[in-house]
């Protein structure tokens with residue numbers, strides 16, 4: 001894992017609190033998994049949409065920090081296609097769509113139970129911005 | 001609080017896990033607060049973007065369920081304007097922009113420390129869809 | 001009208017080709033009108049969504065150039081709420097939601113027939129970026 | 001070209017007015033080209049962002065109507081990566097990302113001068129909704 005992405009992940013207590021695991025990072029890509037726990041669901045045992053977005057956002061952060069410069073999210077959009085369910089393992093796969101200067105676009109697909117062939121839970125598109133220097137990143 | 005929004009909130013373990021409090025709901029509106037805890041931040045003590053999005057998503061859920069029919073998120077977009085910091089209390093204020101048939105649009109502003117005048121942390125726009133019947137909602 | 005916004009509008013042949021009129025600009029705001037012509041509609045006499053987006057984008061451009069620095073669109077999102085119809089005059093009203101450094105967010109509401117009370121046709125959210133110097137703007 | 005997509009295109013006077021040509025449609029896909037004319041640019045000879053969005057929207061419409069049921073745009077988002085320039089031919093390539101029930105997601109990439117390898121001008125993501133019956137589509 002690239003040093004910036006590695007350091008970012010090691011210090012990311014939110015992803016740890018949500019039980020996420022970084023299962024892959026390479027230039028322009030990142031992959032993260034998360035088990036849908038009892039404390040992440042509603043009364044119908046369906047995962048909170050914000051928690052699904054958090055998973056995608058963490059994969060996006062890995063991917064956009066894979067190149068070296070500290071890079072933060074300027075914003076993102078997400079479409080929910082199917083619910084994530086209690087006990088499922090969700091996989092977020094982020095890949096770079098565009099990187100020009102300090103601005104990047106990354107697409108993230110969230111699948112259930114199988115990182116390659118599982119049902120698609122959500123499609124996420126993030127916009128990143130590399131910081132100009134070593135100032136503190138945005139959360 | 002309207003019965004649907006109340007029941008939804010009471011069963012929402014994810015919002016509880018993140019320490020959120022519902023501080024207001026009325027027709028087409030919802031307001032939620034959350035303290036940025038040590039387990040929500042990165043190495044620079046800045047709140048994870050997905051956690052900020054979760055806060056906004058919960059306020060959106062209150063607002064779009066304030067009318068009665070069980071309503072779920074179809075998707076949302078969020079712009080991050082400033083970081084949320086460790087120890088700040090964030091306030092998400094959701095209001096209805098449009099509601100036609102079963103489809104709604106809601107804007108949510110997230111502010112720090114003061115629900116009315118605090119610095120704006122994020123702007124969120126959610127798209128909702130009311131369920132046709134009493135089938136289980138999406139997370 | 002501010003000089004930058006005025007010069008931009010005067011040179012904008014696309015807005016002219018689509019028959020748009022700038023009916024107001026002030027700091028952080030812009031308003032544009034457009035008649036839905038026969039060459040803008042489909043077989044059901046409904047206006048092309050991209051043409052509605054163009055109207056909103058032009059109002060956004062006025063608003064984000066109202067401060068002086070040459071400013072371009074980084075991107076936008078739009079929700080279509082009702083069709084625009086042949087013969088209607090559409091009004092796009094843009095207002096600044098946020099401006100920090102060189103990055104801005106603007107919301108634009110498109111209404112039919114009455115700029116204040118007409119039915120809402122679309123809701124648009126644009127993200128702007130001021131250019132660092134007098135280099136040529138993006139379209 | 002599928003009958004619904006064909007009929008839609010034949011009746012679409014806005015795409016014709018903008019000089020667009022449908023250069024391909026197959027299940028879940030659509031491709032459209034457009035020359036950037038003098039009446040589409042600003043004072044720097046750069047194409048209006050709304051016109052680029054219109055091109056992408058037309059390719060999206062072809063793709064989402066390729067299956068048969070009359071389908072309309074619920075909304076879209078677009079990121080502008082590079083300007084489109086006077087005299088360039090722009091190519092919009094739309095492909096289906098997801099189709100569940102009546103709701104679809106389509107991604108469209110706009111390139112300059114070469115439909116496969118040209119510089120990427122914009123990335124667009126559209127959300128579609130099939131109409132329940134033969135009622136008139138939205139523009």
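Every read-out reported here was derived from the displayed coordinates using simple, explicitly stated rules and does not represent laboratory data. Treat the numbers as computed from the prediction; the structure is a model and nothing was measured. Cβ placement follows ideal geometry from the backbone for every residue including glycine, while neighbour counts extend to all protein chains displayed.
Within the range D:86-103, the residues that satisfy the criterion of being within 14 Å of chain A (Cβ to nearest Cβ) and either in a strand (DSSP E or B) or touching a residue at least 40 places away in the same chain (Cβ under 8 Å) (or both) are D:93, D:95, D:96, D:97, D:98, D:99, D:100, D:103.
How about the range B:35-80: which of its residues are in a loop (DSSP other than H, G, I, E, B), more than 7 Å from chain A (Cβ to nearest Cβ) and crowded, with 21+ Cβ neighbours inside 10 Å?
B:36, B:65, B:66
If you filter the range B:1-23 down to residues that are in a loop (DSSP other than H, G, I, E, B) and buried (at least 21 other Cβ atoms within 10 Å of the Cβ), you find that the one that is farthest from the other protein chains (Cβ to nearest Cβ) is B:20.
For the range D:109-119, how many residues meet the condition of being within 11 Å of another protein chain (Cβ to nearest Cβ) and either crowded, with 17+ Cβ neighbours inside 10 Å or assigned to a strand (DSSP E or B) (or both)? Of the residues in the range D:109-119, 1 are within 11 Å of another protein chain (Cβ to nearest Cβ) and either crowded, with 17+ Cβ neighbours inside 10 Å or assigned to a strand (DSSP E or B) (or both). In this structure, is residue D:83 surrounded by 18 or more Cβ atoms within 10 Å (Cβ to Cβ) and in a loop (DSSP other than H, G, I, E, B)? Yes, satisfied.
Return a yes/no flag: does the range C:47-55 have any residue that is more than 23 Å from residue D:83 (Cα to Cα) and either in contact (Cβ under 8 Å) with a residue 24 or more places away in the chain or touching a helix residue (DSSP H, G or I) at 6+ places or on another chain (Cβ under 9 Å) (or both).
Yes, some residue in the range C:47-55 is more than 23 Å from residue D:83 (Cα to Cα) and either in contact (Cβ under 8 Å) with a residue 24 or more places away in the chain or touching a helix residue (DSSP H, G or I) at 6+ places or on another chain (Cβ under 9 Å) (or both).
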